[in-house]
Each structure stands twice: as C-alpha cells, then as structure tokens.
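Take a look at the structure set out below.
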There are 2 protein chains.
Amino acid sequence: MTDGRKPSGETRAGDVLQRMRLDIISCVLKPGSKLRFEPLKDMYAVSFSTLREALSRLVAEGLVIAEGQRGFIVAPLSLADLIDLTDVRVLIEREALRLAIEKGDDRWEAEIIGTYHRMDRLQSRLGHEYYLSEDWSKVHGEFHYALVSACGSPNLLEIRQKLFERAHRYRRMSSQFRPKWREKDVEHRTIMEAVLARDPKRSSDLIERHIRETTENVVEHAGHLFSGGIPRAGADVAAE
Amino acid sequence: MTDGRKPSGETRAGDVLQRMRLDIISCVLKPGSKLRFEPLKDMYAVSFSTLREALSRLVAEGLVIAEGQRGFIVAPLSLADLIDLTDVRVLIEREALRLAIEKGDDRWEAEIIGTYHRMDRLQSRLGHEYYLSEDWSKVHGEFHYALVSACGSPNLLEIRQKLFERAHRYRRMSSQFRPKWREKDVEHRTIMEAVLARDPKRSSDLIERHIRETTENVVEHAGHLFSGGIPRAGADVAAE
DNA sequence: CTGTTTGATCTTTTCGAAATTATCGGTATC
DNA sequence: GATACCGATAATTTCGAAAAGATCAAACAG
C-alpha cells in the first residue's frame with residue numbers, strides 16, 4: 001500500500017490561527033480590543049467562516065474571549081490575571097523542570113545547550129534591545145521549552161506552552177519599562193548550568209525567580225496602566 | 001443608560017459545543033472514532049459551519065483531534081494518556097485544594113456541604129448503579145468543583161475543569177470493571193470532613209488517593225483494552 | 001429633565017452550495 | 001506477483017450571501 005502520501009501541511013484555518021496567535025501575543029492585536037470581522041477578513045485574506053474557526057480556537061486557548069452574541073475581543077490584560085498567571089506558571093514550570101531533570105537524557109542536554117547557544121548568538125548579532133525582536137523571542141521560547149521538554153508529560157507541556165504564550169504579552173510590557181535584560185541574560189545561563197548539573201531544587205528556585213522577577217517588574221512599573229481589570233480597551237484592530 | 005438588556009443566552013454553536021462535549025465525555029461518541037460531518041449534521045441539527053466551529057473548540061480542549069485535512073476524530077483513550085493525565089491532575093488538584101482551604105470562607109463551606117448533600121440524596125434515590133447516571137455525574141462534578149472553588153485562581157480552576165472532564169471518559173470505563181463505589185462514597189465524606197477541618201495535608205493526600213485509585217482500577221481491569229495507544233479505533237459515530 | 005421605547009444601521013451568526021483535497025479500486029508496468 | 005499510477009467517488013474545507021441579533025440615536029412619555 002502506498003502509505004507515503006504527503007499528509008499535506010496546513011489547512012488555511014490553521015494557518016490563520018497561527019498568525020493570529022502571534023499577532024495577539026506580540027500585541028499587534030491589542031488587549032481588550034474588539035475583533036471585528038470585516039477588517040480581520042482583509043487583514044488575513046480569508047472568509048467569515050475561516051476567520052471564525054481561528055477565533056473559536058483562540059477562545060479555547062484563552063487568548064480571545066467570546067462575548068455571547070456580541071462578537072470577540074482580544075483577552076484583556078489585567079494585574080489580577082498577571083499575578084494569577086504567574087503563580088500557576090510557577091507551579092507548572094517547577095514540576096516540569098523537576099521531572100525533566102529526573103528523566104532527561106543526552107539529547108535533552110544537547111538541545112538545551114544548542115538553543116542557549118542560538119539565543120546567545122542571536123542576541124550578540126541584534127545588539128542592545130535584542131529583546132524587542134520577534135526572532136529572539138522565538139528562540140527564547142525554544143530555550144525555555146527545551147529545559148522542560150524531557151519531563152515526559154505531554155499534558156504538562158501543553159499546559160505550560162499555553163501559559164507561556166499568554167505570559168508573553170505581559171513580558172512585552174515588561175521590556176518597555178526599565179528592562180534589566182542584562183541580568184536576564186545572566187539568569188538564563190545560570191539556570192542552564194543548574195539544570196545541566198541536575199540540581200532540581202536550585203533549578204526550580206531559579207526558574208521561579210526568573211518568572212517572578214519579570215512579573216514584579218511589570219507590577220512595579222506598569223501596574224498603574226491596569227485600571228481595575230480592563231486596560232486600554234481603546235484602539236481597535238491595528239492595521240500595522 | 002438602559003444597561004439591562006438581556007445579553008441573550010447561547011449562540012447555537014455554543015449549544016452544540018456543550019452537547020458534543022457531554023456526548024464525548026460520556027462516550028456516546030466513541031474514543032478514536034471518526035467524526036463525519038453528514039451524520040453529525042443530522043444528529044445535532046446544524047449546518048457544516050456551526051458544526052465545524054464546535055469541533056474546532058473541542059480540538060483546543062483536547063477532546064477532539066484534527067487530522068490535517070482529513071477531518072476530525074474523537075481523542076483516543078490510551079494507557080499512557082490516562083497515567084499522564086492522572087499525574088497532572090494530582091498536581092493541580094492538590095495545589096487548588098491547598099489554596100482553597102487557606103482562603104475559603106463560610107459560603108465556600110456551605111457550598112461543599114450543599115453539593116455533598118445533593119450528591120448523597122441523589123445516590124439514595126438512584127439506588128445501586130447510581131454512578132451510571134449522568135445526573136449523578138453532574139452533581140459529583142459539582143461537588144469536586146466546590147471543594148477547590150475558593151482557591152482564588154481562575155486559571156487553575158479552568159485547567160482543573162478541563163482535566164476533570166477529560167478524566168471523566170476514563171472514570172466511565174472504571175465503573176464498568178469491579179466498581180468499588182461503596183468505598184468511593186465513603187471517600188467523598190472523608191474528604192469533605194478533612195477539608196472542612198482545614199487540614200491541607202490530609203485533604204490533599206486523600207484527594208490524591210481518590211484520584212489515583214480510580215486510575216489504578218482502570219489500569220488493572222481495563223488496561224488490556226488499550227493496545228499501544230489507540231484503543232477501539234473501530235466503530236464510527238454511534239447513532240445512540 | 002430623566003428614563004423608556006422604537007426603529008434604522010451595523011455586526012455577528014448561520015446556512016448550503018462550490019471548490020479543494022483525500023480515499024479507494026482498477027489498470028498497467030516492472 | 002507486487003508496486004506505482006490514474007480516474008472516480010466521497011469526504012472535508014472554504015466561501016459569500018441571507019438571517020438573526022445587537023447597538024445607537026432620536027423621538028416620546030412620565
């Protein structure tokens with residue numbers, strides 16, 4: 001039997017989903033803004049139904065909120081959500097890291113070293129303000145994924161990934177307010193070393209601090225931007 | 001301003017989503033089975049697009065899997081998934097319960113006692129094999145939700161709820177194989193008492209055992225039904 | 001002047017047909 | 001005899017128009 005057909009790649013809805021997700025976590029689509037169909041239809045060059053499907057999936061991912069029969073909005077950012085999200089992330093990341101350190105093999109170690117190297121090199125190439133680059137963000141995400149990838153739990157990894165993506169929107173805010181990114185870079189190296197040394201307690205503590213520090217930075221410097229729960233509900237879909 | 005309009009209730013897609021979710025977690029739609037559009041269209045009396053939207057959301061919830069351009073299947077059950085799911089649930093439930101015990105107020109306690117009472121009464125009314133009733137399952141779910149509802153973390157609660165629903169499909173298997181449901185009932189009471197006594201360690205340990213015992217029961221008595229990873233890929237959409 | 005109703009306009013939601021893509025069986029070729 | 005190709009069939013995926021619903025402002029009543 002000729003089983004080797006190309007499973008083909010992407011359904012168009014899946015493609016739009018991916019692009020919208022990136023646009024949301026990078027705040028091209030602003031938190032709290034209404035997602036009207038007409039502009040989006042042009043923006044992504046698809047029809048109502050296809051758009052709708054992507055939106056629906058994003059709802060289940062927590063990046064978009066469906067308001068009864070009143071359409072969709074980009075999930076708002078709020079202080080309460082940031083704090084909650086941080087606590088849950090700490091719980092999940094600690095456990096995933098603990099398991100990964102317990103179970104990780106040579107390939108896992110190599111992947112960590114590899115992604116760190118790529119991240120480091122890209123950073124040098126980009127110079128200061130490297131953290132504003134979407135490319136760097138991508139590699140940064142891959143590095144953090146690599147750390148926990150050997151945890152052996154698909155469910156934990158999936159939950160972690162969704163939380164990580166949601167947190168990206170807050171990280172983005174963080175980078176605008178007194179970014180201590182030189183320190184962040186040192187942290188990444190320190191975390192990697194602790195992980196490769198297979199020290200679960202120290203690794204988890206470092207990861208927790210790594211996560212909490214970013215949150216504290218946002219709370220301290222950008223906290224006032226959140227009024228109550230729905231910040232900057234203003235501007236509609238950004239054309240660019 | 002007349003703000004008191006009825007926000008209306010359900011979009012039709014949302015309604016279908018809910019019904020399909022119930023049908024999946026109660027295994028009316030069999031794990032691994034292909035979800036063809038024509039039969040489903042008749043079954044739920046909606047059109048392609050509406051159906052598609054519901055399916056899309058279920059994909060993001062992990063109850064349905066989208067296979068490239070080859071349609072949708074009900075997420076299969078597997079031994080590996082059950083074990084992984086159990087471990088993650090234990091992590092989440094323990095933490096949520098710990099927080100709830102720390103933060104819960106009088107209303108929280110009342111809700112626990114209330115749902116337990118309803119569960120207990122319904123059980124008496126249904127007699128033996130009460131656990132096969134969908135109504136009882138619903139109240140059972142509400143009881144377990146009540147226990148952790150005061151944890152103060154919307155994100156944790158949402159994750160917990162999705163995992164709980166996914167686990168329902170395995171619980172259903174459990175009930176078919178030597179159900180020790182008399183013991184389960186005692187466990188619920190014991191858990192409630194420990195929680196109301198605000199003993200976080202004991203409560204979490206009891207919850208963990210409560211969850212793991214069901215899993216062990218499935219592994220022991222139904223484990224052989226899982227071959228590798230994709231069990232009973234057979235039968236299509238069950239008409240009833 | 002305040003608050004409610006009504007109707008026009010705009011948005012979202014649903015629908016079923018059209019286009020695209022996979023699947024299956026038959027035929028030819030090595 | 002087995003494998004690869006090709007055409008017919010059946011499924012999914014996409015589309016844009018039609019229906020249903022929400023929003024806003026003006027007109028009206030208290």
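Here are a few things to note about the model shown:
- Förster radius 41 Å - calculated FRET efficiency between B:I83 and A:F37, Cβ distance, rounded to 0.05: 0.45
- Taking Cα atoms only, the orientation of helix A:134-148 departs from the longest principal axis of chain A by about 50 degrees.
- In degrees, nearest ten, helix A:106-126 long axis to first principal axis of chain A (Cα): 70
- Convex hull volume of the stretch A:7-72 per residue (C-alpha atoms, cubic angstrom): 93
- Among the GluC sites (Glu not before Pro) found in the stretch B:1-109, those both in a DSSP coil and sparsely packed, with 13 or fewer other Cβ atoms within 10 Å of their Cβ, are B:E10, B:E67.
- For residues of B:65-71, the mean tally of beta carbons on other chains within 10 Å: 3
- Total buried accessible area between B and A, probe 1.4 Å, nearest 100: 2500 Å².
- Which listed pairs, of B:K162/B:K184; A:K184/B:K162; A:K138/B:K138; A:K201/B:K103, have C-alpha distances above 30 Å, in listed order: A:K184/B:K162; A:K138/B:K138
- Theoretical ellipticity at 222 nm over chain B - DSSP helices of four or more residues, -39500 (n - 2.57) apiece, nearest 500: -22500 deg cm²/dmol
- Other protein chain Cβ atoms within 10 Å, averaged over every residue that makes up B:53-61: 6
- Gyration tensor verdict on the stretch B:79-225 (Cα atoms; rounded if a/c is under 1.5, prolate if a/b is larger than b/c, oblate otherwise): oblate
- Shape call, the protein assembly as shown: gyration tensor on alpha carbons, a/c limit 1.5: rounded
The values are calculated or read from the model by the stated rules, or taken from the named source; none is laboratory data. Treat the numbers as computed from the prediction; the structure is a model and nothing was measured. Cβ sites come from the backbone with ideal geometry, for glycine too, and all protein chains shown count toward neighbours. Please note that ligands, DNA and RNA were not included when accessible areas were found on the heavy atoms of the full protein model with its side chains. Shrake-Rupley method; radii C 1.70, N 1.55, O 1.52, S 1.80 Å.
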